[in-house]
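A quick write-up on the structure given underneath.
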Amino acid sequence: MRLTDLRFALAYVLAVAVPAATLHLSAPEERLAAGLTAPPFAWPRVLVAHLLTALPLGVLVARLIRSAPAVNEFAPGVWPVAGVAVTGAAVLVCPGIGEAVAEGGFDALPLLVLRALIALALVFPWCVWAADPPRPGTAVRSGWQFALGGAVALVPCGLYGEAAAEAGTERAADLVRRERVVRADAALAGLIELGSDRPVMGAAPATIRKGYATRLPQLAGSAARPLPANAPPSDRMARALVLIQLDRPAEAAGLLEGLGCPDDDTVTLLLATVYRDQERWTASDELYRRVLDKLRPQAASNPRAADMCATAIEGLAFNARADRRPADAEWALKMGLDVLPGRAAQFHLQLGRHYHDGGRPGPAREHLREAARLDPRTEPEVGKVLRQINTATPGCFSWQ
């Protein structure tokens, strides 16, 4: 490989790697815990996608700049230093941009253009470093090439951003539903940065975040108040719930473990959920199974026992999926059909999603259609997953 080719390859790799790693590691801990990166890029894959798709336009602009004789008088080593400097400036500026975006309620298109421009600024110095001065008489790139470069910088990321927003909406809804306020707040911020108008639990992401802006300081103040050593179990339980909402699972687990109430099913389920948040899958599974073994005989006649069994079964399925044990997740959901036949529609729906995620469209369709037959209220979600199956299935064939 020639030295020039090596410089080209190194420059383009660094053009993506340096900004992506630096910006991601500069993001606040609560954003990283929610799977986000530095604002206004929301998710790490969106950041990387923007940097990659900005390269063609960056190369065109760099070659145009290189056509100016004064630019070529700079030492080649200036441009990598400039690339690092621009990345450092972005680390300082991006949080402020994120705050402005969070307050402004911008639509998806202007935010897409904003992210593309930031990405172009980040890759540009590296592209100049990679570009050679044009030979005498070489024509400047034509307008259609710049238009094509701009389209490459915008269109793929726009489509990818839509897909990321759809997945992020489901994630945010799950966090809001489970009262994980800190993580939900960060996930909602990501949706706002993408300009998503999809409702989360029936409300706009910005609306929920406004409520959290008041709620989070209240929770933090509650957690900061000392808990007396002789505090009753109910107070310790309430404090554990606050700590869970604040994404402090280790402290919550310590309080719940200290209660010493192995027969309290509510405490057991809550501790299992905390272990789940800590990715302590085995410990969490053990507690879910304990509740399930105890309450399973009562599930048919006792609504409270049925609710707790449903929580335990869904917890086991969640743990298995997160721990890459698809067979165990399938077993848990099928057990739900046996233990809670009155809630079969929900378990059929979850089995349909599970099979779809595992690349098994045939069983997925069977369970989804059974869910819709048992409970017409599931039809919107069933239709959504069926459309995903029909789109993603190789050859676009569908089994009717």
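On the stretch given as segment 282-339, residues that are closer than 21 Å to Asp357 by Cβ, acidic (Asp, Glu) and part of a helix (DSSP H, G or I) total 4. Are any residues in segment 277-300 open to solvent by less than 50 Å² (accessible area, probe 1.4 Å) and either of a type outside the set (D, E, K, R) or modelled with pLDDT of 95 or more (or both), and if so, which ones? Across segment 277-300, the qualifying residues are Trp281, Ala283, Ser284, Asp285, Leu287, Tyr288, Val291, Leu292, Leu295, Ala299. Restricting attention to segment 15-33, does a residue exist that is within 27 Å of Val155 (Cβ to Cβ), assigned to a helix (DSSP H, G or I) and modelled with pLDDT under 85? No, segment 15-33 contains no residue that is within 27 Å of Val155 (Cβ to Cβ), assigned to a helix (DSSP H, G or I) and modelled with pLDDT under 85.
For segment 280-313, the tally of residues that are among the aliphatic types (A, V, I, L, M) and over 30 Å from the mean Cα position of the chain (by Cα) stands at 7. At least 1 residues being open to solvent by 60 Å² or more (accessible area, probe 1.4 Å) and aliphatic (A, V, I, L, M) is the threshold, and among the helices (runs of 4 or more DSSP H) wholly inside segment 160-266 those reaching it are 205-224, 233-245, 249-259.
To keep it simple, each residue is scored yes or no on (1) within 28 Å of Arg369 (Cα to Cα); (2) in contact with a His (Cβ under 9 Å, 6 or more places away or on another chain).
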residue: Tyr288; (1), (2): no, no
residue: Gln298; (1), (2): no, no
residue: Phe318; (1), (2): yes, no
residue: Arg321; (1), (2): yes, yes
residue: Gly352; (1), (2): yes, yes
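With the condition kept exactly as written, say whether any residue in segment 18-38 is within 17 Å of Cys127 (Cβ to Cβ), surrounded by 12 or more Cβ atoms within 10 Å (Cβ to Cβ) and within 21 Å of the chain's Cα centre (by Cα).
yes
The values are calculated or read from the model by the stated rules, or taken from the named source; none is laboratory data. Bear in mind that the values here come from a model prediction, so they are computed numbers and not experimental data. Positions of Cβ are generated from backbone atoms using ideal geometry, with glycine treated the same way; all protein chains shown enter the neighbour counts. Remember, those area values only see protein heavy atoms, side chains included, never the ligands or the DNA or RNA. Shrake-Rupley method; radii C 1.70, N 1.55, O 1.52, S 1.80 Å.
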